[in-house]
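Participant: Have a look at this one.
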Amino acid sequence: MSTLVCFALKEEAAPFHKVAARHPGVVTLIVGIGRANAEKSVRSFLGNAGAPPQLVLTCGFAGGLNPDLKIGDVIFEIGNRQLEIGNRLLTAGAKPVKFTCTDRIAITAMDKWKLCLDTGADAVEMESVAIHAVCAQKKIPCVTVRVISDTAHEDLPLDFNALAKADKSIDFGKLAWAIAKSPQKIPQLLAFGKKTKFAAERLAEVLGKIISA
């Protein structure tokens, strides 16, 4: 194994599976939503791996905080030592940014604006800090590579925090009830699904370029 690629959700990883299948040294790991799930999953995986990966990528969706970022923009953050992969990411069209990692999904444009003011970050996600911490303990290089799935200007169609279980996964019963109560949200949910599918495909495209280089 040369590269471990982590995603919170199978939907984020789906387009990348075809890319990974062409590279025997690449392993995909679904870690779950949030820091606690990510830390537990990565620590367990690395503890049971015969040989550690040469590189860990923490990937998936990110919410835009910088208003210049668009749906499908692939963004990354690396330490100063991983210059080679930084150059590969730039060549592949990814943009260097500053991330912030939170415990809740930023639902509204106002949430995102406040996060931007408070942190100075360009984008928000929920797992990478924990994954970086585990990798630092084990002295494995780790890079965050994400894709914008919702911009700074837009609200999400539903409050997904209110629909989450204790483990932060979506409670589909609550989701169905929320849709039944607000059927006018269905077009927004369908549009959001198309955006996230496009974002996942764009991320897979860039990841394919950097692991092939």
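Participant: I'd like to check which strands (runs of 3 or more DSSP E) are fully inside region 86-151 and have at least 2 residues that are more than 10 Å from Leu65 (Cα to Cα).
Facilitator: 142-150
Participant: Under the condition of being surrounded by fewer than 16 Cβ atoms within 10 Å (Cβ to Cβ) and within 18 Å of Val56 (Cβ to Cβ), which residue from region 70-95 is modelled with the highest pLDDT?
Facilitator: Here the residue is Glu84.
Participant: Let me ask something additional. Being in contact with a strand residue (DSSP E or B) (Cβ under 7 Å, 6 or more places away or on another chain) and touching a residue at least 60 places away in the same chain (Cβ under 8 Å) is the filter here, so list the residues in region 22-34 that pass it.
Facilitator: Val26, Val31
Participant: Across region 12-30, which residue is nearest to Phe61 (Cα to Cα) among those that are assigned to a helix (DSSP H, G or I) and modelled with pLDDT of 95 or more?
Facilitator: Glu12
Participant: Still on this model: Go through region 168-213 and give me each residue that's surrounded by 12 or more Cβ atoms within 10 Å (Cβ to Cβ), within 22 Å of Asp155 (Cα to Cα) and more than 21 Å from the chain's Cα centre (by Cα).
Facilitator: Residues satisfying the conditions are Lys174, Leu175, Trp177, Ala178, Ile179, Ser182, Lys185, Gln188.
Participant: Sticking with this structure for a sec: What are the residue pairs meeting all of these: first residue in region 53-77, first residue of a type in the set (S, T, N, Q), second residue part of a loop (DSSP other than H, G, I, E, B) and surrounded by fewer than 19 Cβ atoms within 10 Å (Cβ to Cβ), Cβ atoms under 7 Å, and 6 or more apart or on different chains?
Facilitator: Sorted first by the residue in region 53-77, then by its partner, the pairs are Gln54/Ser2.
The values are calculated or read from the model by the stated rules, or taken from the named source; none is laboratory data. These numbers come from a predicted model, not from an experiment. Every residue, glycine as well, gets a Cβ built from its backbone with ideal geometry; the counts of neighbours run over all protein chains shown.
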